[in-house]
1. Considering the options A:THR139, C:ALA54, C:GLN139, tell which one lies farthest towards the positive end of the dipole of the protein assembly as shown, charges being +1 on Lys and Arg and -1 on Asp and Glu at the Cβ, about the Cα centre.
2. Starting from the 7 Å offset along Cα-to-Cβ, what nm value, one decimal, do you get for the label separation of B:ASN163 and C:GLU78?
3. By per-residue mean of other Cβ atoms within 10 Å, what is the highest-first order of B:175-183, A:157-165, A:124-132?
4. Taking a ≥ b ≥ c as the square roots of the eigenvalues of the Cα gyration tensor of the stretch C:180-405, is the shape rounded (a/c under 1.5), prolate (a/b larger than b/c) or oblate?
5. For B:LYS247, which aspartates and glutamates qualify as cross-link partners when the Cα separation must be under 13 Å and same-chain residues fewer than eight apart are set aside?
6. When the Karplus curve 6.51 cos²θ - 1.76 cosθ + 1.60 is applied with θ = phi - 60°, which whole-Hz ³J(HN,Hα) does each residue of the stretch C:368-383 get, with x for Gly and Pro?
7. Among B:LYS24/B:LYS206; C:LYS38/C:LYS149; B:LYS127/C:LYS121; B:LYS241/C:LYS72; B:LYS78/B:LYS224; B:LYS76/B:LYS164, which pairs are too far apart, with a Cα-Cα distance over 28 Å?
8. Can you list the lysines whose alpha carbon is less than 18 Å from that of A:LYS4, not counting same-chain residues fewer than 8 positions off?
Amino acid sequence: MRTKLQQQIAFFIFRSLGLLVIGLLFWILGFIVYHGAGVISWEFLTTAPRDGMTAGGIWPALVGTCYLVIGSMVVAFPLGVMSAVYTSEYARNGRIVRLIRIMTNNLSGIPSIVFGLFGMSLFVRTLGFGDSILAGSLTLGLLVLPLVIRTTEEALQAVPATYRTGSRALGASRWQTVSRVVLPVAFPNIITGLILAVGRVSGETAPILFTVAAYFLPQLPTSIFDQAMALPYHLYVIATSGTDLEATRPIAYGTALVLIGVVLCINLLANLLRRRIGKHAHKS
Amino acid sequence: MKTIILFVTAFTLSVLTLSAQRIKGSDTVLPLSQQEAETYLKQNPTASITVTGGGSGVGIAALLSGTTDIAQSSRKIKFDEREKLKAAGKAAKEIIIAYDALAVVIHPDNKVDGLTREQLADIFMGKITNWKEVGGTDLRIVPYSRETSSGTYEFFKESVMKNKNYMNGIMSMPATGAIIQSVSQTKGSIGYVGLAYLNTSVKALKISYDGGKSYTEPSVANAKNESYPIVRPLYYYYEAKSEATVKPFVDYVLSSAGQLIVSEIGFITVR
Amino acid sequence: MSTKKLRRAGEYVIEKLLTVSGAVTGLTMLTITVFLFKEGAGLFRSPSVEKGYALYVHAENPVERLSVNEIKGIFDGEITVWNALSSDYPHAEIVPYRIEDIFQRYSESELGEDYALLPDKLAEVIRETSGIIAFLPQQYAPTGMTGVKTLPSQDIRPADFFGGTSWMPTATPAPLFGVLPLILGTLFVSIVAILIALPLGLSVAIFLSELAGTRTRKWMKPAIELLAGIPSVVYGFFGLVVLVPLVQRAFALPVGETAFTGSLILAIMALPTIITVAEDAMRNTPRELREASLALGAGHWQTIRKVIIPYASSGISAAVVLGIGRAIGETMAVLMVTGNAAVMPHSLFESVRTIPATIAAELGEAPAGGAHYQALFVLGCVLFLLTLLISVSAEWMAGKQSSKIL
């Protein structure tokens, strides 16, 4: 009897705490949506900030984030996929593979601000790129490299070994097997990883503080050596500076909502994709 | 895939084009530079200007490393910064574009109306810790400061604290807007902001630099007639060699149209 | 024949290319380490007084060396007599002097072309003022002139750096680089955050894995995973506009920017990670164990408490460690809500300053290559090592979990 009561109490606590936490997390979302929804308009998305950031929109920040996403993917995607292919399809030496795996594992634990320090030291100063889209993209690219590698490796390992042995038995070389058989099968999963990486990159602030971010650009960047505005940094700036915080607040809410929207949509897309692939795999 | 290739080509092609005119430095000057750039670009749609903040020290360091064309600063260039520039073979040209009065702000419910320079210095050095010591209610004083980078931090230290250091572990805010926000929310708070940032959510103190004989409130008029003591010039620094590129913009800032923006934002015009 | 050769050559190239990219990835970590340490390495060889400057006293002054704290005390007006420094000097009053002061006495033109006469004028001032301590740029200093004594400069000591309790990187003449408050502040905020997040996260994990129906779990789990993707700057913004005033009002505090506010926002941020990892660990409990327990007559709660949680414990501890690791490195959210006062943390309801926030707020301003810049890179190294330690121990714990499956 006592244990029954105990169980009821414990379960009640868990259930209510569980609901509380879920509620809390959705409160945050709801709060931003509630305050930000009224601000979002076509004009907000497609015009530049005006009147000392108290009016206008976030177009240059959106574009800047786009550039950074593209730039960092150009860095991370080929490098990540290639090294994942190497470790899971090519490397025979277990020690090297283990070393790379340990390295990437630890790399993913390094705080993003440390990447910012590193990017500033190597790309901005040592290589002389200055504050630029190039430096920012390289820094962000390295930041998501472990993520790309891990998802690609998982994707490759999900390809049944019989596919490989079958292909090799038919006389295909290792590279033919990888490029014609393994990669096409793993491709959707690799793309899912890529999308996740895009989501991560579009929300990061700390690594771009010293490598690319600009407070205000009246024009869109025209070269990879230009600075760019970016959504997360823009939110940070308009949340903490500006001459008239009261007037800027709505814009901050709007920016936060757009940022969340972008990141959540990207992640949702990856989720859906993953689920569809999962279903397909079960059928076959 | 096609779009990616397109973007990449666009990137590489555009590397060849000239980079923009860059203004970097003080967050205090930032809104001014930004507005000036906005209107200037309306008249000269072909020009290109980037404005970034980070602090006066950042701007001057960037001038030294050649990553900016104009350094905006809310303090005079330091002796050793000038020496460093000289050592790098650069000569910095100095232009005063506006003046700014620093207002000392407190929570609107606070009864204290004015403070002397000495009292202010003691508060920020941590020697006075309760409002009742300066004629207020029994409430802990919470001083808010800017981050160490800002010219505002340095100027306040020089002018009010006579170069003494701030108390250990003062609350430091990354930007002036954050100071206004915190001061308006915190009962015992005190902070300093540029006149341009002043709004109704905080209360500006009258200041006395003559030991309490006369108190003046911060306003554009009082700053202009020099009765308000905490006033500083705002500067643009640029390398003498790049004068030709930056001159049109600097001239615009100093023109009557540019100075109109100065007073609209809440700074004090040069003339 | 030749196409076959060509293909073989192509394959060889591709294999090498893949090897190289694998190696590059492996080396990234090494490069990061090298650059962090490279930039920070000069710190303990920089003089404790600002670079390019030195301190000068009257030749008859017997003082030999001053510690960083003594220098700060002197220039802050806290130490006013030479006798207080146990140097037996009859002219008791200390007169701090800076280079700017000379311009009040002489106009620029009186100092000659390129300040040629500056050293002589400074020497004159020092000879006149017996209690003087002058902080001057070495380039214009009256080094070696009669009546002037240069105080020997010392390097910044690791003991002062790691053991110092005040962080005043821009104090002149001698900046104070005591990182202890920053390190402790970081750990303090992160650990409290986990203490808040752990019970909540575990409850949700138990709820999800044991109590909730399949349908609830099906939408809730991905939803929570999605929340992990919200950018930290958004959490920071939320903290700034909601939590700071809330904490201030709820606890009737003088300020809302406290360590507790930081911990709260970090806890909220860590929750999705803890929930997913802990839930996975619990659901991985082998069915036989669970059924054996139930078959022995144990209740559901007893099974959870006595079987599932112990089984999942190493997975849960990995989640905790991972959570701490993320919290320690979190920058933007903490920068926006903790008030950033560099004090030794002694209360939950006082402001603290963390390492990432310090780097984010100060790196932009620090003159590149200077002592302050180097100090921030050393802080980066500290942060790097801390997180490395944490991810290695998380791996070790997760390894324990997998080896448990018999």
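No value in this document is a laboratory result; all are computed from the given coordinates. Everything numeric here is computed off the predicted structure, so don't read it as measured data. Every residue, glycine as well, gets a Cβ built from its backbone with ideal geometry; the counts of neighbours run over all protein chains shown.
1. It is A:THR139, whose Cα lies furthest towards the positive end.
2. Each label point lies 7 Å from its Cα, and together they span 1.9 nm.
3. So the peptides B:175-183, A:157-165, A:124-132, ranked by packing, come out B:175-183, A:124-132, A:157-165.
4. prolate
5. Answer for B:LYS247, where 13 Å is the Cα cut-off: B:ASP69, B:GLU94, B:GLU239, listed by chain and number.
6. With coefficients 6.51, -1.76 and 1.60, one gets 4, x, x, 4, 4, 4, 5, 4, 5, 5, 4, 4, x, 4, 4, 4 Hz.
7. Correct reply: B:LYS24/B:LYS206; C:LYS38/C:LYS149; B:LYS127/C:LYS121; B:LYS241/C:LYS72.
8. Excluding near neighbours in sequence, the set is C:LYS306.
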